[in-house]
Amino acid sequence: MMDTFLFIALPYVAFVICVIGTIIRIKKWPVSYSALSSQFLEPKALMWGSVPWHIGIVVITVGHLLAFCFPGLWQSMMGKAEILLATETIGFAAGVVCLAGLIVLILRRIGSSKVQAVTSTMDLIILGLLLAQVLLGLAVALHYKYGAAWVSGTASPYLFSLFTLQPNLQFIQDLPVAVKAHMVLAYLLILLIPFSRLIHMFAVPLQYVFRPAQNVVWNNPRHSEASEANYQQEEARREFIKGAAGITLGCGVLAIGTVDKVYNFFFGPRLSAKEEEEIMSTRLKRLQMTANQRKLELERQTSNFILVSALSDLKANEGKYFIDFNMNTAMAFAGEDGLPILMSAKCTHLGCTVSNQVDEKGQVLCPCHVSFFDVKTGKPNAGAPAKNPLPMLPWAIMDKRGKVIAERAASGQITGDTALSSIKECNVYITRDLEGKA
Amino acid sequence: MDIRAQVSMVFHLDKCIGCHTCSLACKNVWTDRPGAEYMWWNNVETKPGTGFPTLWEDQSHYKGGWKLNGKNLELLSQNKLDAFIKLFYNPNQPGLEDYYEPWTYQYENLFTAPEGDDQPTAIPVSQITGEPVDIVAGPNWDDDLSGSPLYAENDVNLDELTDEEREQLFEIERISMMYLPRICNHCANPSCVASCPSGALYKRGEDGIVLVNQDMCKGWRACVTACPYKKIYYNWKTGKSEKCILCYPKLETGQVPNCFQSCVGRIRYLGVLLYDADRIAACMSVPNHALIESQRSAICDPYDPKIIALARKNGISEEFIDAAQKSPIYKYVMKWKLALPLHIEYRTMPMLFYVPPLLPVMGKMDNGHYANTIDGFFSGLESARLPIKYLANLFSAGNVEIIEYVMKKLIAVRYYRRSLDMGDIDLVQINRMMREGNVSPEEAEEIYRLTALATVDQRFVIPPLQREEAISETCNPELCRGSCGLGVPVNVERGP
Ligand code: SF4
Ligand code: SF4
Ligand code: FES
């Protein structure tokens, strides 16, 4: 409930209010906002505050935006250890610079009586929120390392789901409180943009780069009328040149395309039968993959039992991966008692896939932030970043004719005839109706 | 050719008595409000002196105006890229201490103080914080202190003077000074406009008045630094910049700006100049010593039929052309070449011109008497009380010849009038003087009349600014009648 409010309602409300409020303020009350600089009243501390703060926050904001706007590219880049390390370092350094600047700005605002004369309550609220936000950001970066990597599996898809109006909290459910608080504060800050000095971020004068040095404004209709004639003449000429250039360009492109096609048709390289076959077969393979995926999904939506493996195929030291009802990875081991162990392979820390290799201590490793999980109980080792055990999945053992020999309920209770000798030839299934309501 | 009209100005410094009436006339109407207390859109400085804000002419510190980079003009204060870093902190922006902390007095205390042994006093309190202040500086802190080593010696215009010249200047018996009233020059090549990141500053096409659009100003303060005359002020309360508006609401209704109207010495002239806007950049890109001539070359003759035709083509009305022909400014600047812009080396092409003062120059003492004979008068210019070099640094980018030309002409006119009134000077000598001063008797008469006897209508030739045409699309002039300058007044407030 709380999550729904904080992570679905709040972002939408904040975003809508921010957009509408900002537009109204910019259009209807432009005279009310500016950078509200107080350099005039107190320049010295301002330099040491404002410059680091702004540079730091620009770097960090750009980083966050890149990760959210280009998750694919971002993820593939963060796959390289050096890039990941560099990104983390730059981000953290920028955060520290921000923090230093912000502290100077806060001290200055509280300390100088002249600056106080132009300080509003909203200014103080904003400064407080920003301080909390930067501290949280740094804490997350310190404590949950490699955020640049795990964000692509968590916050990015969540934000994407918000943008596509299909909010999905699943991605961020397991995130630590600090990360969630960082998000909530971000929403609050966005909400406050139109009601505070923060609105000055939309005044960044990018047009300055392009505009001519002088700016002459004529109010006089006679001037425009008089120059209308000249202008029209020139305009007509400009239009003509533009049109001619456009047509030439278009024709050129078309011509090149046509020539290319014609040339290829007659003289172009011929595909050998083998090459053609290869192309077709890759296409086919791709189609097949899509079909399989789809089938898997459908199967999981309709049937109550899904085959994992023959019982005899399970090993004790190497798990067999499969896909559970939620389309998440899970794995199956053979237990000491000859019965199967089925557990989720989605790390309870930040959702990486846990390895299926059992070490000598009887544990499997999540490689992302090094959590070891006990295969028998699913419990993480003491001190691991993951705090919750990997959930055990309910299963059923069926003979060839589909008769349930034994099963394990979500509660962990095992019923049925586990001692049956023919059990070795049976298959292991995961079961839906018994799967806990989790 | 792109002919534009400019409402421009001449200040005749010989007549300024340094009374500051102009400053107060401006203050009372425009800047007597919170955030603007420290602003003096019009101020009067004592020269030699440090001015307001302190040492504003020191561009190595304040970085105002343009610099010549090869053939291109570039802002001294920023380029298109570092302008963005300077949004966060502008290293050259003058701060409060360069102006002064505005204060008032706690007058209530005089009435409400409890009974005691002492007289109650009204202590000074800051108009920013409301706390008691120690007054360390104010506007015109160096008023009339030309001899003071604290102020006058720091005047940057004295930098190139020889030790001897300096000594002369500060010798106690010879100490001299002049007054320099300053408002925004409404430049034709304004560096303030060029520096504004938001594009809020603009020059009005019809009359050349430079204004800050308060809606668009986002308080980046680039203009405060970029204006070499420091005539843009940052309002600490509203977070926007403000400047002299040449009283456009008054001009638009045919009245004279406050500082002109109130001027006790009647030193101020206002009128129209026509100039060629296409040539601005080229004119301002010549070496320092040629700048005065090159600015003059961009100003057009309002009687030339070709110019008139081009002006009409640009939508300049008949009334404007007529005003340009009657313009006292055209006479002082172009016809007589007596009026010079202040610090043309900043290359903003200022449109306010000054007739340099003659009195201090002439006040040379000879045996305890003012030198009054005509012999060798022009040669006396070199040892004048206020060194010619000093005036040249102010009014001709260091070009001494231009100042000498002006001085000779002014002296010739003065002796011509003296010979008419007193008849005590030999005609041959007068003729020689007029020749050397480049002035004919008719012209001398004309200069004398416009300088000494001119009526209000001759000093201020204001064409109708036809604002009603400009706003006709947004508002019916009949309905807008009475509102400020026919516009819609908006209250500039600090937002949340
Ligand atoms: S004097 Fe006036 S027009 Fe010229 S640069 Fe300064 S503010 Fe701009
Ligand atoms: S009012 Fe006129 S005479 Fe007095 S200081 Fe101003 S410009 Fe000079
Ligand atoms: S995702 Fe962090 S330890 Fe598994």
Scan of the range B:23-46 for residues that are away from ligand 1 (no atom under 16 Å from the Cβ) and open to solvent by 10 Å² or more (accessible area, probe 1.4 Å), ordered by number:
B:Leu24, B:Ala25, B:Lys27, B:Asn28, B:Val29, B:Asp32, B:Arg33, B:Pro34, B:Glu37
Which condition does B:Ser191 not pass, out of (1) within 16 Å of ligand 2 (Cβ to nearest atom); (2) open to solvent by less than 10 Å² (accessible area, probe 1.4 Å); (3) not aromatic (Phe, Trp, Tyr), if it passes all the others?
(1)
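Where residues in the range A:189-211 are of a type in the set (Val, Ile, Thr) and within 9 Å of chain B (Cβ to nearest Cβ), which of them is least open to solvent (accessible area, probe 1.4 Å)?
Here the residue is A:Ile199.
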Here the residues within the range B:165-188 that are in contact with a Pro (Cβ under 9 Å, 6 or more places away or on another chain) and either of a type in the set (D, E, K, R) or within 12 Å of chain A (Cβ to nearest Cβ) (or both) are B:Glu165, B:Arg166, B:Cys187, B:Ala188
Report yes if some residue within the range B:276-283 is in contact with a Pro (Cβ under 7 Å, 6 or more places away or on another chain), more than 19 Å from B:Leu13 (Cβ to Cβ) and away from ligand 3 (no atom under 16 Å from the Cβ); otherwise report no.
no
Sole miss for A:Ser76 among (1) within 14 Å of chain B (Cβ to nearest Cβ); (2) modelled with pLDDT under 95; (3) out of contact with any helix residue (DSSP H, G or I) (no Cβ under 8 Å at 6 or more places or on another chain) is condition (1)
Taking A:Val115 as the residue in question, decide whether it is in contact (Cβ under 8 Å) with a residue 40 or more places away in the chain and under 22 Å from B:Glu131 (Cα atoms).
yes
Just checking, does the range A:319-341 include any residue being assigned to a loop (DSSP other than H, G, I, E, B), open to solvent by less than 30 Å² (accessible area, probe 1.4 Å) and within 27 Å of A:Val140 (Cβ to Cβ)?
no
Can you tell me which residue is farthest from B:Asn79 (Cα to Cα) among those in the range B:201-257 that are of a type in the set (Phe, Trp, Tyr) and within 13 Å of chain A (Cβ to nearest Cβ)?
B:Tyr248
Within the range B:409-450, count every residue that is surrounded by 14 or more Cβ atoms within 10 Å (Cβ to Cβ), basic (Lys, Arg) and within 19 Å of B:Lys335 (Cβ to Cβ).
3
Does A:Ser50 satisfy the condition of being within 11 Å of chain B (Cβ to nearest Cβ), out of contact with any His (no Cβ under 8 Å at 6 or more places or on another chain) and closer than 22 Å to A:Leu192 by Cβ?
yes
Scanning for something more than 9 Å from chain B (Cβ to nearest Cβ) and open to solvent by less than 60 Å² (accessible area, probe 1.4 Å), does the range A:28-38 turn up at least one residue?
no
Candidates B:Leu161, B:Leu180, filtered to the one that is at pLDDT 95 or above and either within 19 Å of A:Val31 (Cβ to Cβ) or surrounded by fewer than 23 Cβ atoms within 10 Å (Cβ to Cβ) (or both)
B:Leu180
Please indicate, with yes or no, whether at least one residue in the range A:105-113 is buried (at least 18 other Cβ atoms within 10 Å of the Cβ), in contact with a Phe, Trp or Tyr (Cβ under 8 Å, 6 or more places away or on another chain) and not basic (Lys, Arg).
yes
Out of B:Leu55, B:Leu73, report the one residue that is open to solvent by 20 Å² or more (accessible area, probe 1.4 Å), touching a residue at least 24 places away in the same chain (Cβ under 8 Å) and assigned to a loop (DSSP other than H, G, I, E, B).
B:Leu55
Test A:Leu162 against the criterion of being open to solvent by less than 20 Å² (accessible area, probe 1.4 Å), touching a helix residue (DSSP H, G or I) at 6+ places or on another chain (Cβ under 9 Å) and in a helix (DSSP H, G or I), and give yes or no.
yes
For the range B:111-149, how many residues meet the condition of being under 31 Å from the mean Cα position of the chain (by Cα) and not in a loop (DSSP other than H, G, I, E, B)?
1
Residue pairs within 8 Å by beta carbon, gap of at least six or interchain, first lying in the range A:335-351 and within 14 Å of chain B (Cβ to nearest Cβ) and under 26 Å from A:Ile172 (Cβ atoms), second among the hydrophobic types (A, V, I, L, M, F, W, C) and within 16 Å of ligand 1 (Cβ to nearest atom), listed first then second, are none
Kindly list, by first and then second residue, each pair from a residue in the range B:120-148 that is within 28 Å of B:Ile17 (Cβ to Cβ) to a residue that is among the polar types (S, T, N, Q) and part of a loop (DSSP other than H, G, I, E, B), limited to pairs with Cβ atoms under 6 Å and residues at least 6 apart or on different chains.
B:Asp142/B:Thr50
What is the number of the single condition among (1) away from ligand 1 (no atom under 16 Å from the Cβ); (2) at positive phi; (3) more than 17 Å from the chain's Cα centre (by Cα); (4) surrounded by fewer than 22 Cβ atoms within 10 Å (Cβ to Cβ) that B:Lys63 does not meet?
(1)
Unique residue being open to solvent by less than 50 Å² (accessible area, probe 1.4 Å), at pLDDT 90 or above and not β-branched (Val, Ile, Thr) when the list is B:Pro102, B:Pro132
B:Pro102
For A:Ala148, indicate whether it is open to solvent by less than 40 Å² (accessible area, probe 1.4 Å) and modelled with pLDDT under 95.
yes
Members of the range B:135-150 found to be modelled with pLDDT under 80 and closer than 24 Å to B:Leu340 by Cβ, listed by number
B:Ser146
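The values are calculated or read from the model by the stated rules, or taken from the named source; none is laboratory data. Predicted model only: the values in this text are computed from it and were never measured. When we count neighbours, we look across all protein chains shown, and the Cβ atoms used for this are built from the backbone with ideal geometry, even at glycine. We work out accessible area using only protein heavy atoms, side chains counted, and drop any ligands, DNA or RNA first. Shrake-Rupley method; radii C 1.70, N 1.55, O 1.52, S 1.80 Å.
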